[in-house]
Amino acid sequence: MREHEKRSVIMKKMLPLILLLLAPVLLVADSTSAPNSSSTRNKDRGNDGEMPALRAALQVKLTALHAAGSFPGATLGFVLPDGRSGSVSVGLADVDNKIALRPTDRMLAGSIGKTYVAAVMLQLVQEGKVNLDAKIERWFGSDAWFPRLPNAKDITLRMLMNHSSGIPEHVLNKDFIAAMRKDPDRVWKPDELIAYIMDAKPLFAAGQGWSYADTNYEWGVSYGHGGWFPGYRSEMEYFPQRSIAVAVQFNTDAGRALKQGTRAYIADAMRIIIGELEKKRAA
């Protein structure tokens, strides 16, 4: 199978899994008092009890991790190879009012949004609607601010998406940090975020290096959030060898409160999911 055909197969599997994860872990929490029951949005297929058992096992693990840590609450979502999905939650959505966090509560997803955007962009490439090697000057060259953008005339869509544009990270700009602290609820426009890196020295020549920057996804590719969510941490990973996607969201930005890295939570969940699926096959 040719390389582009392999990518096509992966994309066809990955896109629906990513989009399904939008349900349990997206946007801002909007909760009312309810017990931390597992989500039943997707009904189990058949009567084998596999999904209830899987959710129960994940719930036990998440509850234990919550007890060992000091974070207010967390939601964990997963999508299986056949499209079935589920989620569990633990802790509180509203600490002051003691409102429990439910699997169906919506939460800020952070930089997971970049994965959604990249998946959709690659789908557009497959449809022949987008050329990743097209220079962004095509769309923004006539704008007054464009010449002030680092590496302006050399940047392509591909470079924005894979963080090889050489554009600095506006989130680390001291003036931006001060503005965020002053007004954490402010809704930012893309051009307001890009303004923080105008006239800055490029990190490297376009396409000649790599440096992660939320700025790459704030314009030209998507209208994002700036990669800054005070009070939230999130992680998502897709495992192509097993066609399983897992995401976890915490309503805290204090890493020490988690007692382990966010990817460790993903790894713990994957071990349980794989174990439960293999247990079913062996039965």
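Things worth noting here:
- In the stretch 237-283, the residue that is surrounded by the fewest Cβ atoms within 10 Å (Cβ to Cβ) out of those that are part of a loop (DSSP other than H, G, I, E, B) and over 19 Å from the mean Cα position of the chain (by Cα) is Q241.
For every residue, the table says whether it meets (1) among the β-branched types (V, I, T); (2) crowded, with 20+ Cβ neighbours inside 10 Å; (3) not in a loop (DSSP other than H, G, I, E, B).
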| position | (1), (2), (3) |
| --- | --- |
| S70 | no, no, no |
| A74 | no, yes, yes |
| P81 | no, no, no |
| G86 | no, yes, yes |
| G91 | no, yes, yes |
| P103 | no, yes, no |
| R106 | no, no, no |
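- Applying the criterion of being more than 12 Å from I155 (Cβ to Cβ) and touching a residue at least 60 places away in the same chain (Cβ under 8 Å) to the residues of the stretch 122-144, the residue that is surrounded by the most Cβ atoms within 10 Å (Cβ to Cβ) is L122.
- Members of the stretch 128-155 found to be acidic (D, E) and within 18 Å of A195 (Cβ to Cβ), listed by number: D143
- In the stretch 108-137, the residue that is modelled with the lowest pLDDT out of those that are of a type in the set (K, R) and within 22 Å of A213 (Cα to Cα) is K114.
- I10 meets each of the listed conditions (1) more than 29 Å from R186 (Cβ to Cβ); (2) buried (at least 19 other Cβ atoms within 10 Å of the Cβ); (3) at pLDDT below 95; (4) among the aliphatic types (A, V, I, L, M) apart from (2).
- Residue pairs meeting the criteria (Cβ under 9 Å; at least 6 apart or on separate chains; first among the small types (G, A, S), in the stretch 171-191; second exposed (fewer than 14 other Cβ atoms within 10 Å of the Cβ)): A179/R186
- Among residues of the stretch 227-283, those that are under 30 Å from P190 (Cβ atoms) and not β-branched (V, I, T), counted: 21
- Selection from the stretch 108-151 of residues that are in contact with a His (Cβ under 9 Å, 6 or more places away or on another chain) and part of a loop (DSSP other than H, G, I, E, B): L108, A109, G110, S111
- Assessment of the stretch 160-179 against the conditions (β-branched (V, I, T), part of a helix (DSSP H, G or I) and either modelled with pLDDT of 90 or more or surrounded by fewer than 17 Cβ atoms within 10 Å (Cβ to Cβ) (or both)) yields at least one matching residue.
- Residues located in the stretch 220-275, provided they are among the hydroxyl-bearing types (S, T, Y) and either within 18 Å of G69 (Cβ to Cβ) or at pLDDT 85 or above (or both): Y232, S234, S243, T252, T262, Y265
The values are calculated or read from the model by the stated rules, or taken from the named source; none is laboratory data. Quick caveat: nothing in here was measured; it's all calculated off a predicted structure. Using ideal geometry, Cβ is built from the backbone for each residue, glycine included, and neighbour counts are taken over all protein chains shown.
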